[in-house]
1. Which of the numbered conditions does V231 fail, given that it passes all the others? Conditions: (1) modelled with pLDDT under 95; (2) over 30 Å from P19 (Cβ atoms); (3) open to solvent by 30 Å² or more (accessible area, probe 1.4 Å).
2. Of the conditions (1) surrounded by 13 or more Cβ atoms within 10 Å (Cβ to Cβ); (2) at pLDDT 90 or above; (3) touching a strand residue (DSSP E or B) at 6+ places or on another chain (Cβ under 6 Å), I252 satisfies every one except a single condition; which number is it?
3. Considering only the stretch 4-24, how many residues are in contact with a strand residue (DSSP E or B) (Cβ under 7 Å, 6 or more places away or on another chain) and either under 30 Å from W186 (Cα atoms) or among the aromatic types (F, W, Y) (or both)?
4. I need every pair where a residue in the stretch 167-196 that is without any contact (Cβ under 8 Å) to a residue 40 or more places away in the chain and open to solvent by 10 Å² or more (accessible area, probe 1.4 Å) has its Cβ under 7 Å from the Cβ of a residue that is aliphatic (A, V, I, L, M) and assigned to a loop (DSSP other than H, G, I, E, B), sequence separation at least 6 or different chains.
5. Considering only residues that are open to solvent by 10 Å² or more (accessible area, probe 1.4 Å) and either among the aromatic types (F, W, Y) or touching an Asp or Glu at 6+ places or on another chain (Cβ under 8 Å) (or both), which ones fall in the stretch 141-166?
6. Would you please list the contacts, defined by Cβ atoms under 8 Å and residues six or more apart or on different chains, that run from a residue in the stretch 206-219 that is free of Cβ contacts under 8 Å to residues at least 60 places away in the same chain and open to solvent by 50 Å² or more (accessible area, probe 1.4 Å) to a residue that is among the aliphatic types (A, V, I, L, M) and outside any helix (DSSP H, G or I)?
7. Within the stretch 64-89, how many residues turn out to be in a strand (DSSP E or B) and under 22 Å from E154 (Cβ atoms)?
8. Look through the stretch 126-148, keep the residues that are part of a strand (DSSP E or B) and β-branched (V, I, T), and return whichever of them is modelled with the lowest pLDDT.
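The values are calculated or read from the model by the stated rules, or taken from the named source; none is laboratory data. All values derive from a computational prediction rather than experimental measurement. Note: ideal-geometry Cβ built from the backbone for every residue, glycine included; neighbour counts use all protein chains shown. What goes into the accessible areas is simple: the full protein's heavy atoms, side chains included, and nothing from ligands, DNA or RNA. Shrake-Rupley method; radii C 1.70, N 1.55, O 1.52, S 1.80 Å.
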Amino acid sequence: MCYDVSFTVDLKELADYFPDMIVDGQLELNFDTTHIIGHSYNNHPILFRNREDGTLHCRMMEWGCIPFYVQDMKTFSKQRPTMLNARSERILGDSKSYWYKIRNRRCLIPLNGIYEHRSVAPFKHKIPYFIKPKGQRIFYLPGLYSVTELPDVETGEVIKRWSYTLITRSANDLMKVIHNDGDNKWRMPLFLPEELAKRWLVNELKPEEYKLLLDFEMPSEELEAWTVFTVRSTKPRPDGLAKNQPFQWEGIPVNPEIAA
């Protein structure tokens, strides 16, 4: 699954991709977060179509969907880690899942890259990688979003909580090499080329086209990946570079396009 991402973007850059975008609320112009941890449930700028007039909007949403029926966040908190990612196979194929219920609340998550970890013997700890589509400074991962009304813990006022999930699918050959261990091994985000990502947000997406998008597998040669220094540790890099910059581990090729 995918729980670690990178987003270092000027908001004006998003407007270059989506010139008709309407910004909801107050958003910072510059986002400079080389590492975002899903389990922190932080806010992130998300693109979506307004359900009332069909216009394209951008607003901050929390990573980790809060179902619209949740009334007690304290009780729900134990379940929330399972809402960070949505399996593409369940969105249209499992009518009992929450993802099926919100299948028409589609959104795009702008990113610069994702992080994934690879098990390599005899290393005790997994080796982290930074992965992104080739030639794209910004790319957009498809997701689903939810809007929930909950009381503010301090004031008791009922407020709307906007939250989202990131869609994953079975891994391509490259990602099978990298994401090769754990309960959710051989999974990857649903990478889409720019034009298909834009199709994800059309107002009326026909079921057959929806399925084609969910089934799309980004070819391995369209992704680039390199080893990086420890991602989740607060330990500073010995070379002083950012977390998403290449780091050479002894005995590990920087580029993972090798036999598993």
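1. (3)
2. Going through the list (1) surrounded by 13 or more Cβ atoms within 10 Å (Cβ to Cβ); (2) at pLDDT 90 or above; (3) touching a strand residue (DSSP E or B) at 6+ places or on another chain (Cβ under 6 Å), I252 breaks only (2).
3. Qualifying residue count for the region: 7.
4. W186/A171
5. Answer for the stretch 141-166, where residues must be open to solvent by 10 Å² or more (accessible area, probe 1.4 Å) and either among the aromatic types (F, W, Y) or touching an Asp or Glu at 6+ places or on another chain (Cβ under 8 Å) (or both): P151, V158, I159, K160, R161, W162.
6. As it stands, the answer is F216/L190; F216/L192, since those pairs meet every condition given.
7. Result for the stretch 64-89: 0.
8. Ranking the candidates gives I127 first.
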